[in-house]
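Submitted below is the structure of interest, expressed as structure tokens.
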Amino acid sequence: MHIDFAPPSNGTYNNSGSCRQLANYLEHEDLERMEKGIYTEGFFNLMEDNIYKSTAIKDIDSNIGQLLKTDAKFFAIHISPSKKELRAMGNTEQKQAEAMKRYIREVFIPEYAKNFNKGLSASDIKFYGKIHFDRSRSDNELNMHCHLIVSRKDQTNKKKLSPLTNHKNTKEGKVTGGFERVNLFQQAEQGFDKLFGYDRQQSESFNYHNTMKNGSITEQIKFQEQKISGEKKKETFQSSEKENKISCNLASKQDNKHPYNLQNSNSSDSLLSIFSLGDSNNYNATLAEELQAQKRKKKKKKWIRR
């Protein structure tokens with residue numbers, strides 16, 4: 001899961017004024033999809049779907065109490081699942097979109113609120129999301145992702161909330177609380193895995209990529225060794241499974257070729273067959289004697305009648 005906070009700029013992501021420019025951009029693919037007769041997703045928040053763009057803009061732009069002209073009024077967050085994660089979310093665009101909204105509401109926003117260390121919950125965060133399905137900018141055929149516009153102020157329009165601050169759980173000073181970005185990424189990932197029953201490999205985890213990018217040489221070597229060890233175990237397991245399947249297939253073929261296949265017999269019939277086969281000569285001799293005795297009795301009866 002790739003999560004990033006778009007840096008403020010003078011263009012689409014200029015967050016010192018209205019969010020209108022960003023909201024307009026987030027609707028750029030809707031017209032094309034509607035012309036093709038493909039459904040589109042409106043804006044959504046914690047409780048509602050299909051919210052008008054104008055409503056989202058007005059709500060974010062009016063929640064700026066006590067902010068200076070040059071202060072950030074909102075933040076843009078981009079959340080993009082990998083191809084494997086998307087497959088775990090559903091096999092159609094609509095199912096994936098519903099799963100994404102569920103993830104945002106049940107996992108990401110609650111963790112976002114919690115990591116300000118101000119005792120906040122999901123209901124304290126004012127945000128609007130927009131799901132995109134555009135594939136033109138990626139080689140990944142599954143490219144559904146989500147954009148969030150999150151207000152700088154909480155729902156009460158009293159608390160300033162910045163996920164870009166460098167403060168972390170500070171108790172004193174001008175800024176209290178701060179924001180734990182690394183913890184957010186970790187918890188958001190774990191929450192995704194739990195929500196969708198996703199079996200995440202170490203090589204695709206946030207901790208792995210973060211260590212390989214920012215960790216010490218010792219930490220990087222340790223992760224590499226764990227990855228190699230895991231791959232070897234996987235190869236050994238797959239090889240063992242393959243050998244077991246081959247052995248089972250060979251055993252099955254040999255059983256089918258056996259002249260005395262007892263597969264469909266019950267236990268008593270099977271035992272009878274085994275004992276009969278073990279003493280076949282005596283059995284045949286006894287049967288011949290009984291037949292001869294029966295023939296002699298028939299001849300004797302015929303002679304008496306004459």
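What is the number of the single condition among (1) in contact with a Phe, Trp or Tyr (Cβ under 8 Å, 6 or more places away or on another chain); (2) surrounded by fewer than 18 Cβ atoms within 10 Å (Cβ to Cβ); (3) polar (S, T, N, Q) that Ser121 does not meet?
(1)
Right, Glu32: closer than 14 Å to Ile104 by Cβ, of a type outside the set (A, V, I, L, M) and loosely packed, with under 14 Cβ neighbours inside 10 Å or not? If you could, list the steps in order and put the result at the bottom.
On the way: closer than 14 Å to Ile104 by Cβ: no; of a type outside the set (A, V, I, L, M): yes; loosely packed, with under 14 Cβ neighbours inside 10 Å: yes.
Against the criterion (closer than 14 Å to Ile104 by Cβ, of a type outside the set (A, V, I, L, M) and loosely packed, with under 14 Cβ neighbours inside 10 Å), Glu32 does not qualify.
I've got another one for you. Give just the number: which of (1) surrounded by 16 or more Cβ atoms within 10 Å (Cβ to Cβ); (2) closer than 16 Å to Ser18 by Cα does Lys58 not satisfy?
With respect to (1) surrounded by 16 or more Cβ atoms within 10 Å (Cβ to Cβ); (2) closer than 16 Å to Ser18 by Cα, Lys58 is out only on (1).
Given the conditions (1) surrounded by 14 or more Cβ atoms within 10 Å (Cβ to Cβ); (2) more than 13 Å from the chain's Cα centre (by Cα), report the number of the one that Gly90 does not fulfil.
(2)
Here's something else I'd like to know. Using beta carbons and a limit of 7 Å, which pairs, at least six apart or on different chains, have the first residue in region 1-28 and under 23 Å from Met144 (Cα atoms) and touching a residue at least 60 places away in the same chain (Cβ under 8 Å) and the second one of a type in the set (Val, Ile, Thr) and in a loop (DSSP other than H, G, I, E, B)?
Within 7 Å, the pairs are Leu22/Thr12.
Tell me which of these Leu148 doesn't satisfy, since it passes every other one: (1) modelled with pLDDT of 80 or more; (2) surrounded by fewer than 19 Cβ atoms within 10 Å (Cβ to Cβ).
(2)
Looking at region 29-62 only, could you name the residues that are farther than 16 Å from His145 by Cβ, basic (Lys, Arg) and out of contact with any helix residue (DSSP H, G or I) (no Cβ under 6 Å at 6 or more places or on another chain)?
Lys36, Lys58
The values are calculated or read from the model by the stated rules, or taken from the named source; none is laboratory data. Keep in mind that this is a model prediction, so the values were computed, not measured. Ideal geometry is used to build each Cβ from the backbone, glycine not excepted, and the neighbour counts take in all protein chains shown.
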